[in-house]
Amino acid sequence: MSLNLRGKRVVVFGGSGFIGSHLVNHLCEEACEIKIITRKKNFQNKFFFANEPGQVSFEKIEYNQTAISKAIGNYDIVFNLIGILSENTKSKFKFVHTEIARMIAKGAKINKVKSFIHLSALNVNVIKDSKYAQSKYNGEVELRKEFPNSVIVRPSVVFGKGDNFTNFFSNLSKFSPFLPLIGTPSLKFSKNILKTFDFEKKVRFQPVYVGDLSKFLIKMISQKNKIYEISGPSIKSFSQIFDLILKQKKRTRLYLPLPFFIARIMAFFLEFLPGPLLTRDQITLLKYDSISKKGLSNLKKVVSYPLSIETTLKTYL
């Protein structure tokens with residue numbers, strides 16, 4: 001089914017972030033009007049490639065129901081890409097992932113929006129011990145109450161220009177002689193006594209390229225009342241991803257095994273810093289593989305040949 005966005009009006013919440021900026025650039029290829037909703041001050045649009053002057057506009061709002069509903073007024077399509085990786089005094093998971101999602105869905109319902117696409121994350125429906133995952137899942141539940149015909153997309157780790165994943169470890173390798181293999185070895189205890197070291201068990205990811213994810217999100221405009229898992233074409237461990245990064249940057253670094261309990265102790269102290277590099281909640285998330293066979297088959301329905309991290313890393317790192 002072909003998708004014609006000519007003359008459509010699209011509003012993107014979170015359009016100034018990593019995934020949002022890539023999505024907007026793909027939307028710019030269509031003959032549609034795009035509005036980015038942001039809380040950022042003095043936000044610049046220099047990285048958007050509009051086909052014509054005025055195709056992309058910006059609106060700075062505070063996130064409350066009145067402002068959100070007003071921002072959506074007279075628009076046909078709504079994307080919600082708002083998300084945070086860690087909490088601070090001003091931004092809490094519950095408000096950002098659950099309450100804002102509900103308010104956007106309610107605003108979409110009030111304004112009789114035709115399509116509402118919400119970006120969530122893989123496995124949030126099964127991870128019960130992470131505040132991030134639970135707030136994301138609760139957001140899904142709340143928005144579907146308000147807008148049952150919404151489309152929810154749950155991607156694995158997303159990589160590409162400007163990401164917080166490959167770029168983070170690439171930057172870390174500039175000054176650190178070590179790269180942390182979080183979760184390795186796996187330690188097994190019995191009655192508080194360490195029984196085994198398991199170096200074979202590793203955290204696995206199935207990273208999806210941000211350009212492919214953007215194409216998928218746009219295609220979801222024609223869908224209703226669906227939930228899709230999305231993942232890329234290859235499954236990688238931390239060490240395999242580090243190998244690719246270091247090969248691209250022509251660096252050699254040692255890999256430091258970091259069992260979960262040690263990583264949690266380190267994260268506890270890092271949380272006292274502004275914009276922590278690592279949090280205990282992120283360590284909890286890393287106990288779960290971010291992979292999905294269904295996710296790759298879903299992506300291939302839209303993108304016949306998804307780009308892998310092996311072939312794409314060199315284009316931006």
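Here are the numbers:
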quantity	calculated
Sites residue 297 and residue 112 - FRET efficiency at Förster radius 30 Å, r taken between beta-carbons, to 0.05	0.35
Phi to ³J(HN,Hα) by Karplus 6.51 cos²θ - 1.76 cosθ + 1.60 over the stretch 128-141, Hz, x for Gly, Pro	9, 10, 10, 5, 4, 5, 5, 5, 5, 5, 4, x, 4, 4
Sorted by Cβ density within 10 Å, fewest first, the residues 113, 11	113, 11
Relative contact order (%) - the stretch 225-297, alpha-carbon pairs under 8 angstrom, separation at least six	47
Difference of contour (0.36 nm per residue) and Cα-Cα distance, residue 223 to residue 66	53.8 nm
Alpha carbon Rg of the stretch 214-296, scaled by the compact-globule rule 2.2 N^0.38 Å	1.48
Other-chain or far-sequence residues with amide H under 5 Å of residue 228's (modelled H)	152, 153, 154
In Hz, Karplus ³J(HN,Hα) per residue of the stretch 209-225 (6.51, -1.76, 1.60; θ = phi - 60°; x = Gly, Pro)	6, 4, x, 5, 4, 4, 4, 5, 4, 5, 5, 6, 4, 8, 9, 9, 6
Reachable lysines, given that their alpha-carbon falls under 29 Å from the alpha-carbon of residue 250 and they are not under 8 places away in the same chain	161, 174, 201, 202, 236, 314
Long-range HN-HN contacts of residue 255 with modeled amide H, under 5 Å	179
Residues 221, 61, sorted so that the one with the fewest Cβ neighbours within 10 Å comes first	61, 221
The stretch 11-20 - phi-based ³J(HN,Hα) in whole Hz, Karplus 6.51/-1.76/1.60, Gly and Pro as x	10, 10, 7, x, x, 9, x, 4, 5, x
Likely footprinting exposure, 163, 212, 289, fewest C-beta neighbours within 10 Å first	289, 163, 212
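FYI, it's all coordinate maths here, none of it is from the lab. Because the structure is a prediction, the values reported are computed rather than measured. A quick note on method: Cβ atoms are made from the backbone with ideal geometry, for glycine too, and the neighbour counts reach across all protein chains shown.
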